[in-house]
Amino acid sequence: MATVGAFFGVGDPWRRPLPSRWWRRDIAIAVGFLVVGAVGLELERSLGSLSQIAAPEVVQHLPLVLAGVLIVWRRRFPVATVAAITVLWLVTGILLPPLAVSLVLQFLFLAVFYAAIAWGAPRGRTVAVVLLCVAALMVWVTVDLVHRTSNGASSPGPFPCSCADRLHLPDQRDLLRRRDPGWSAGLAQRPAAGRAGRPGGADRATGRRVA
């Protein structure tokens, strides 16, 4: 343990000095992250990665905006920022699971973890907070693995759907029905496709067309 503590500088009173006009640089970096992140989310949306989210697009960009705000303070308040970004990551996973595994947001989240290790002081408290945050994320992933294994089905993100149900969140299917009334009608007709006796269908046993 002493070797690990020495590696992370535990007990070392030295603090990394902030660069001059750090807030201007970090604001510029945060704005750049927001622009690139917004474009990245729209690219993921065009590929269908966010198709399971029924929330408005403005709401989908909210975690990105909050992460951008936290990025500004990652060097001034690194310990508080890494704790806040962990809470944001977990809440995003509960409310908007596909966004939690979005490449853009994961890059922002991990950038805050790096800043905490690089700028956090005192080092003992920094290491303890970072380890607690990592442990919370590991519990999150473990719960998802247990959920998938026990139910034999995949969840839309690294958090069980049942947790969203316990929070009384709206069912994604209900939201889709409200947006497109024909969605539920089309879904109900799918099991009947190709069934024997349906006009224009085919008998699966004989392969003959049914008038």
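Structural remarks
- Evaluated against (1) at pLDDT 85 or above; (2) closer than 19 Å to Gly68 by Cα; (3) out of contact with any Ser or Thr (no Cβ under 7 Å at 6 or more places or on another chain), Ser102 falls short on exactly one condition, (1).
- If you go through region 63-87 and keep only what is surrounded by fewer than 20 Cβ atoms within 10 Å (Cβ to Cβ) and within 12 Å of the chain's Cα centre (by Cα), you end up with just Val87.
- Any hit, region 21-37, residues being under 30 Å from His147 (Cβ atoms) and in contact (Cβ under 8 Å) with a residue 24 or more places away in the chain: yes
- Matching residues in region 112-136 - criterion: being assigned to a helix (DSSP H, G or I), buried (at least 17 other Cβ atoms within 10 Å of the Cβ) and of a type outside the set (S, T, N, Q): Val112, Phe113, Ala115, Ala116, Trp119, Arg123, Val127, Val129, Val130, Cys133
- Elements of type helices (runs of 4 or more DSSP H) in region 1-60, at least 2 residues being surrounded by 11 or more Cβ atoms within 10 Å (Cβ to Cβ) and modelled with pLDDT of 85 or more: 22-46, 57-60
- Residue match in region 100-120 (condition: free of Cβ contacts under 8 Å to residues at least 40 places away in the same chain and under 21 Å from Arg15 (Cβ atoms)): yes
The values are calculated or read from the model by the stated rules, or taken from the named source; none is laboratory data. Small disclaimer: the values here were computed from a predicted structure and weren't measured. Here the Cβ is made from the backbone with ideal geometry for all residues, glycine too, and neighbour counts use every protein chain on show.
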